[in-house]
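Written out below as structure tokens is the structure these notes cover.
The values are calculated or read from the model by the stated rules, or taken from the named source; none is laboratory data. Since the structure is predicted, the reported quantities are computational estimates derived from the model, not experimental observations. Cβ placement follows ideal geometry from the backbone for every residue including glycine, while neighbour counts extend to all protein chains displayed.
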Amino acid sequence: MPEGQGDSDEREQCADLFTTKVGGSQHFQHCLHGMKAWCLVKPVKSPVTICGDIHGQFHDLAELFRIGGKCPDTNYLFMGDYVDRGYYSVETVTLLVALKVRYPQRITILRGNHESRQITQVYGFYDECLRKYGNANVWKIFTDLFDFFPLTALVESEIFCLHGGLSPSIETLDNIRNFDRVQEVPHEGPMCDLLWSDPDDRCGWGISPRGAGYTFGQDISEQFNHTNNLKLIARAHQLVMEGFNWAHDQKVVTIFSAPNYCYRCGNMASILEVDDCNGHNFIQFEPAPRRGEPDVTRRTPDYFL
């Protein structure tokens, strides 16, 4: 849908979805129908601000927009993991999707490993939907939608953005463009790798301690960048205490945008501003002031996925 096209009342309703009960809404599902055309390697123009994990920390997402600029005044690219862990996954993902519907050329939202039916049933989003709506309808709407999220983005043909990392099954971006992405995140294979893999100090491919994806060394990222004429791989997926972390001789950067992750890790968050000439500027930020948290009793798995 070109920006500015369509019924303005409907778009206003879409923008207000984060304050409404969305479960089962025909209007909501109609708004999402057009998103099924999103491509696997989304081309993105600069200037753009690149963001990492949010994980249901809605007030910190609001702080991100306060610091980075409101959409559509600022173009944004989010690299996945909007839900789980934090207390406000519903509000977080609904706001981002509503912004995508209203300003389709101004915001890109990629899929992370937590945009998954299996993972969200363990790490909080499913339980949050049951608690807030009394049923799983909203969870089903969103997890069905997650299947259509782009897996990667390409900023000005130079900066390759994705949630996790590289795959031994993927040599070129065209390999990704040929995926059938409309599925639950598989336990193995190239789609899984894009959402789960991590850069590593060791050369070559390694077995990931996460139990999915791989670790990949500087030799791997350099070869991938050379083959695809890339200058940088930007990814999220890992907690980094300063909010960003360079790896592989600045061929790879990790961006994490959830400050004080899980309300206890004490980390900074960051966003990466890419200007018209593809220059880089990191903005670090701290958590928004704490507000009363909901009374939630939930077993939290020990391992941070």
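Tabulated values for the structure
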{"item": "Matching residues in region 198-249 - criterion: being without any contact (Cβ under 8 Å) to a residue 24 or more places away in the chain and at positive phi", "result": "Gly204, Gly211"}
{"item": "Qualifying residue in region 179-188 (condition: touching a residue at least 40 places away in the same chain (Cβ under 8 Å) and touching a Ser or Thr at 6+ places or on another chain (Cβ under 7 Å))", "result": "yes"}
{"item": "Selection from region 182-209 of residues that are of a type in the set (D, E, K, R) and surrounded by fewer than 18 Cβ atoms within 10 Å (Cβ to Cβ)", "result": "Glu184, Glu188, Asp201, Arg202"}
{"item": "Tabulated pairs, region 123-142, first closer than 13 Å to Thr94 by Cα, second among the aliphatic types (A, V, I, L, M) and not in a helix (DSSP H, G or I), C-beta under 8 angstrom, 6+ apart or interchain", "result": "Phe125/Val83; Cys129/Ala136; Val138/Val22; Ile141/Val22; Phe142/Val83"}
{"item": "Subset of region 198-217 (residues that are acidic (Asp, Glu) and not in a strand (DSSP E or B))", "result": "Asp200, Asp201"}
{"item": "Residue selected from region 106-122 under the condition closer than 30 Å to Asn75 by Cβ and free of Cβ contacts under 8 Å to residues at least 60 places away in the same chain, by the criterion surrounded by the most Cβ atoms within 10 Å (Cβ to Cβ)", "result": "Ile109"}
{"item": "Residue list for region 209-268, filter: within 19 Å of the chain's Cα centre (by Cα) and charged (D, E, K, R)", "result": "Arg210, Arg235, Glu242"}
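To keep it simple, each residue is scored yes or no on (1) at pLDDT below 95; (2) among the aliphatic types (A, V, I, L, M); (3) assigned to a loop (DSSP other than H, G, I, E, B).
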position: Met191; (1), (2), (3): no, yes, no
position: Leu194; (1), (2), (3): no, yes, no
position: Ile220; (1), (2), (3): no, yes, no
position: Asn229; (1), (2), (3): no, no, yes
position: Val253; (1), (2), (3): no, yes, no
position: Glu293; (1), (2), (3): yes, no, yes
position: Arg298; (1), (2), (3): yes, no, yes
position: Pro301; (1), (2), (3): yes, no, yes
